[in-house]
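Just below is one structure, and these are the notes that go with it.
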Amino acid sequence: MLKHLRLVQCDSTQDELKRHFEVYSLVSTEAQNQGRGRGNHSWEHRPGALAYSFSAPAHPQLTWQALEVAVSLAESIESLWGVRVSLKWPNDIYINGSKCGGILLQHQSPHMFIGVGLNVNPVAGSPWGSVLTAPLDWNNQLCHDIPARLVSAYLLNHPRPLAQLQQAWSERCAHLGRLVTITDGGEKTTGLFQGLGLHGEAIVNGKHVFNGTLRWD
């Protein structure tokens, strides 16, 4: 059973989860002031967005965990709101061609701390996408009940068999067969995205790329 800490606001749900990990396995908030993204990036919390972090056993194949979270989140969004979700390697959520969510992982053996930011309601003038095209009647309880449902759905199927996971991810890949560029520090790899390797890495023109930021034309 999830032990859920519900906060009106906080700096980062990841930090709060680490701080209270001995008691709580899920932290959600109505307003996150210093949300984190990959690397040194931040995640801006907007009205009508979900922000939560939870702990889970590390996947036996660590490099697949972000992909597993993304697949589970996509399935839940599709079930809850009836919209088709696309996935960008390795851990972004897209709807109608726009990014509306991201996943952050921090490994602390034998556990993984998983942070999720998801824009549910549209925001006028925002460069980011959203799950919905018309605002949901948002209330504080919704900010906490939905994360609990999403996390429970993930834990129910964790860990997934790799063959099943690879197929589910590939079916939703936004850039399969498209020209992409993956930038990792000063190194760039450009070519057709051909799918995932045995470790969840990107395969671009036959080259296996394990880290980096992906862009496509």
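Just a few scattered comments:
- Net charge contributed by nearby residues that have their C-beta within less than 12 Å of Gly191 (K/R +1, D/E -1): +2
- With Cα atoms, 0 to 90° folded angle of helix 162-172 axis to the chain main axis: 90 degrees
- Seen against the Cα atoms of the chain and their longest principal axis, helix 140-157 is set at about 50 degrees.
- Positive minus negative residues near His175 (Lys, Arg vs Asp, Glu; Cβ under 10 Å): +2
- Helix 65-81 vs. the chain, principal-axis angle (Cα, 0 to 90°, nearest 10): 60 degrees
- With the charge dipole of the chain set up from +1 on Lys and Arg Cβ and -1 on Asp and Glu Cβ about the Cα centre, the Cα lying farthest toward the positive end among the listed residues Trp216, Leu87, Val116 is that of Trp216.
- Taking a quarter of the surface of the Cα convex hull of the stretch 49-91 gives a mean projected area of 3.7 nm².
- Each Lys or Arg adds one and each Asp or Glu takes one away; over the other residues whose Cβ falls under 11 Å from the Cβ of Trp64, this sums to -1.
- When Rg and the Kirkwood radius Rh are both evaluated on Cα atoms of the chain, their ratio Rg/Rh stands at 0.95.
- The ellipsoid that matches the Cα gyration tensor of the stretch 62-136 has semi-axes, each √(5λ) in whole angstrom, of 24, 13, 11, with the longest given first.
- Cα-centred dipole magnitude for the chain, charges only on beta-carbon of K, R (+1) and D, E (-1), debye, nearest 20: 220 debye
- Across the alpha-carbon set of the stretch 175-216, the Rg to Rh ratio works out to 0.91, Rh being the Kirkwood radius.
- Selection from Leu150, Pro135, Trp169 lying farthest towards where the dipole of the stretch 127-217 points positive, charges on Cβ: Trp169
- Cα gyration tensor shape of the stretch 128-168, rounded if a/c is under 1.5, else prolate or oblate by comparing a/b with b/c: oblate
Read-outs: derived from the displayed coordinates by stated rules, not from any lab. Model, not experiment: these values are computed from the prediction. Backbone-built Cβ (ideal geometry, glycine too); neighbour counts: all protein chains shown.
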